[in-house]
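All of the numbers you see were taken from the coordinates with simple rules; none came from a lab. None of the values given here were measured: they were computed from a predicted structure. Methodologically, a virtual Cβ is constructed for each residue, glycine included, from the backbone with ideal geometry; neighbour enumeration extends over all protein chains shown.
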């Protein structure tokens, strides 16, 4: 099983990195609105089914992969 | 035998203020002992713990996140739960927030710049274990050097923490986008402090300020009291 975890700064959380990227995109002539920078974490794991895999990855997120105070997560699972 | 209280300074890969912290604590009457991050126990008779500044684990994932689950942190958690005084400086503050021993989280500086300068912080509460050698409202000059020092919590939580006296230090101006200009926070029990400025770099007037000595000497006092109470 493979899980892809998308971690984003939560709505309303200041993202200076996103603002810097936005400024550079505009300098290049792109007419962009808000830009937010997050991160992608791919995890391979053994799990009997999607439900147990999701539970495991949710625990990984709350214990390490994301900080729930400032970040939101989306989890995608792929059988492989 | 020595009557100097043992203060454990935890070294993570990438810590770089560990030796300065140990030197400062030694100069202020403690017996500093460096503890490697994969140790599962603190030295016998530890009276206080310092998590030093630096870039533990290369700031991978989030500053302090990987260090917060290091084996030594389980020992630090037990020590804090027993009432032992714990001080996190800069990266140490980030680690304590990630370990959820302190409220809030640290985000990149508002101006996206690494700050390296002297900052002025005001003592908001002189009742804490760590600020009791200071006067309420006293302004301390302490160096800062960080890229991710903007403390974040929700507004309601800030009000609550301030009402309980947990916001012990604030910058006198908006240094880095920190909510409420917060520079240092203690936990509810009052025995864990995290702050972004570096008291260990301000214990000798030759280096510009000795104000950090007020905070660290209070930690050494607290370490001696903890050892005495545990004996």
note = Rounded to the nearest 500, the 222 nm mean residue ellipticity computed for chain B from DSSP H runs (n ≥ 4, each -39500 (n - 2.57)) alone is -7500 deg cm²/dmol
remark   = For the protein assembly as shown, one quarter of the surface area of the C-alpha convex hull, expressed in nm², comes to 18.5
query = Under a GNM of chain B (C-alpha, springs under 10 Å), which listed residue has the highest mean-square fluctuation: B:16, B:191, B:176?
reply = B:16
ask   = In percent, what relative contact order does chain B have, based on Cα pairs under 8 Å that are 6 or more apart in sequence?
value = 22
message = Place a point 7 Å from the Cα of residue B:228 along the Cα-to-Cβ direction; which residues of the stretch B:178-194 have their backbone N under 19 Å from it?
response = B:191
note = Exposure proxy check on B:97, B:116: fewest-to-most Cβ neighbours within 10 Å is B:116, B:97
task = Go ahead and run the numbers for FRET between residue B:189 and residue A:64, Cβ-Cβ distance against an R0 of 22 Å, rounding to 0.05.
result = 0.35
request  = Using a 10 Å cut-off on Cβ to Cβ distances, tally the other chain neighbours for every residue of A:61-73 and report the average as a whole number.
outcome  = 4
ask   = Ranking B:66, A:75 by Cβ neighbours within 10 Å, fewest first, what do you get?
value = A:75, B:66
ask   = Gaussian network model of chain B, Cα springs within a sub-10 Å range: biggest mean-square fluctuation belongs to which of B:202, B:183, B:162?
value = B:162
task = Give me the angle, in degrees from 0 to 90, between the Cα long axis of helix A:16-27 and the longest principal axis of the Cα atoms of chain A, rounded to the nearest 10.
result = 50
message = Just checking the output field for B:100-107: average partner chain Cβ neighbours within 10 Å of each residue's Cβ?
response = 3
note = Largest fluctuation, B:205, B:85, B:43 only, Gaussian network model of chain B with Cα springs under 10 angstrom, belongs to B:205
remark   = Expressed as a whole-number percentage, the relative contact order of chain A with C-alpha contacts under 8 angstrom and at least six residues apart is 51
query = Can you give the % of DSSP beta bridges in the stretch B:1-120 that are antiparallel, to the nearest 5?
reply = 5
task = Measure nothing fancy, just the Cα-based angle from helix A:50-60's long axis to the longest principal axis of chain A, in degrees from 0 to 90, nearest 10.
result = 60
ask   = By per-residue mean of other Cβ atoms within 10 Å, what is the highest-first order of B:120-126, B:36-42, B:103-109?
value = B:103-109, B:120-126, B:36-42
ask   = Quick one: of the DSSP bridges fully inside the protein assembly as shown, what percent are antiparallel, nearest 5?
value = 70
key: Kirkwood Rh in Å, taken over chain B so that all alpha-carbon pairs contribute   = 17.0
query = What's log10 of I(q)/I(0) for chain A at q = 0.21 Å⁻¹, Debye sum over Cα points only, no solvent?
reply = -0.89
query = What order do you get for B:151, B:23 when you list them from fewest to most C-beta neighbours inside 10 Å?
reply = B:23, B:151
request  = State, as an integer percentage, the relative contact order of the stretch B:105-229 based on alpha-carbon contacts under 8 Å between residues 6 or more apart.
outcome  = 28
